[in-house]
Amino acid sequence: MAIISSNIGDNEFSLGKKELRLVDSKIISEEKKSKNNLNFSRPDTFKEFIGQDQLKSSLRISIDAAIYRKEPLEHTLLYGQPGLGKTTLAFLIANEMNTKCRIASAPAIERPRDIVGLLLGLKEGEVLFIDEIHRLNRLTEELLYSAMEDFRLDLTMGAHRGARCRTINLPRFTLIGATTKLASISSPLRDRFGISQKIEFYTYEELNQIIVNFSRLINLNLDNEASYNLAKISRGTPRIALRLLRRVRDYAQVVKKTNVISVNLIKKALNSYQIDEKGLDSLDRQYLSFLNRNYNIPTGLDSIAAGLGDDSSMLEFVVEPYLIQIGFLTRTPRGRLLTALGKKYIDSKDDNF
Ligand code: ADP
């Protein structure tokens, strides 16, 4: 599958064995499946894509309807936390539509000519996937309006009195936008997506299935209890499940010289990476300790980020959702608060971990 990748971002499983060549300062890569790489694990069909049943069945109907009418799928917006499968779904949609998926990340589309180049490079029916679409700049976004609605680019060439308008027709394509921040997308852009779907966190059973499938692919022998244990600390997120699985695999192969994974081995492996029995790592614990210092006083996200020297949106989208989910943290209009449960946990860890 050919990909244009301006900046794939935090996607440690995204690129497989690849041939790279530079075209217009963008990287075009041919992705091939390789047994040596977990990218091999990216599902190829909706059937292999675990969970998200409601989303899959409504996408299935839209895809079949588009195929029946011999049209591209309507522009689609996918929103949800990082690592839940937005990029994977974009590939799957392209596969199902029997076309190519070209990938770009909004922060890398800096100048109008970047988006013009991407759009002009599309062929009839292809999918253009733009990750972090809420971060498009205004000029780029405005160019997209007519491209999405009428498959047309309205460009102004030259300046002042010599300025001329030129319209370029584009092939019909599908834009798939992905975002973690639905509210940050302007309504004119949001309104141009015919399909808008939320990707939810996964259940333990679904994560367990993803772990079992991937461990088979990479020849790891996980017993049931071990895979379920890993699923329970994966924060409802396949990317985290796979990342933990890879760390466990490293530990098992290098330290224990085995491919057989038991619950006990998982505990030892995760302990060596400072991940505890709840799946919390050192950053989570630093976050909780910081709030514990001012227990019962709501603290703003920016103060926490400054105190920890970390990026506030990383804390908001990666660290906090799970802490909220397990009842350690609440968000109030006045700031973040550690719960009694969170306090009990961090008090027990501060000395012991
Ligand atoms: P996002 O784009 O939302 O950040 P990705 O699509 O990159 O997430 O998914 C992260 C990893 O998790 C990928 O390796 C992908 O193969 C895997 N993954 C995500 N969702 C699923 C799923 N439902 N079934 C199987 N694997 C999944």
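Tell me the residue from Arg164, Arg135 that is more than 16 Å from the ligand (Cβ to nearest atom), open to solvent by 50 Å² or more (accessible area, probe 1.4 Å) and more than 22 Å from Leu73 (Cα to Cα), please.
Step by step, each of Arg164, Arg135 is checked, and only Arg164 is more than 16 Å from the ligand (Cβ to nearest atom), open to solvent by 50 Å² or more (accessible area, probe 1.4 Å) and more than 22 Å from Leu73 (Cα to Cα).
Going by the conditions given, is Ser57 touching a Lys or Arg at 6+ places or on another chain (Cβ under 8 Å) and away from the ligand (no atom under 13 Å from the Cβ)?
In short, no.
Out of Ile266, Ile275, I need the residue that is more than 30 Å from Leu77 (Cα to Cα), more than 16 Å from the ligand (Cβ to nearest atom), open to solvent by less than 20 Å² (accessible area, probe 1.4 Å) and among the aliphatic types (A, V, I, L, M). Which one?
Going through Ile266, Ile275 in turn, just one is more than 30 Å from Leu77 (Cα to Cα), more than 16 Å from the ligand (Cβ to nearest atom), open to solvent by less than 20 Å² (accessible area, probe 1.4 Å) and among the aliphatic types (A, V, I, L, M): Ile266.
Of all residues in the range 183-230, count the ones that are open to solvent by 40 Å² or more (accessible area, probe 1.4 Å) and either within 12 Å of the ligand (Cβ to nearest atom) or free of Cβ contacts under 8 Å to residues at least 24 places away in the same chain (or both).
Number satisfying all stated conditions: 13.
Do you know which of the residues in the range 146-196 that are within 25 Å of the chain's Cα centre (by Cα) and in a strand (DSSP E or B) is nearest to Ala90 (Cα to Cα)?
Once the filter is applied, the top-ranked residue is Ile176.
For Gln286, only one of the following conditions fails: (1) in contact with a helix residue (DSSP H, G or I) (Cβ under 9 Å, 6 or more places away or on another chain); (2) over 25 Å from Lys232 (Cα atoms). What is its number?
Here Gln286 clears every test but (2).
Could you please find all residues in the range 44-83 being of a type in the set (A, V, I, L, M) and within 19 Å of Leu128 (Cα to Cα)?
Once the filter is applied, which keeps residues that are of a type in the set (A, V, I, L, M) and within 19 Å of Leu128 (Cα to Cα), the range 44-83 yields Leu59, Ile63, Ala66, Ile67, Leu73, Leu77, Leu78.
Restricting the search to the range 104-131, which residues are within 16 Å of the ligand (Cβ to nearest atom), open to solvent by 20 Å² or more (accessible area, probe 1.4 Å) and at pLDDT 95 or above?
Within the range 104-131, just Asp131 meets the criteria.
In contact (Cβ under 8 Å) with a residue 12 or more places away in the chain and open to solvent by 60 Å² or more (accessible area, probe 1.4 Å): does that describe Glu149?
So Glu149 fits the description; yes.
Just to be sure before I move on: is Thr76 within 15 Å of the ligand (Cβ to nearest atom), over 23 Å from Ser186 (Cα atoms) and touching a residue at least 40 places away in the same chain (Cβ under 8 Å) in the structure I sent?
The answer is no for Thr76.
The values are calculated or read from the model by the stated rules, or taken from the named source; none is laboratory data. The model shown is predicted, which means the values in this text are computed figures rather than measured ones. Note that we place each Cβ from the backbone using ideal geometry, even for glycine, and neighbour counts take in every protein chain shown. Surface areas here come from the heavy atoms of the whole protein model, side chains and all, with no ligands, DNA or RNA. Shrake-Rupley method; radii C 1.70, N 1.55, O 1.52, S 1.80 Å.
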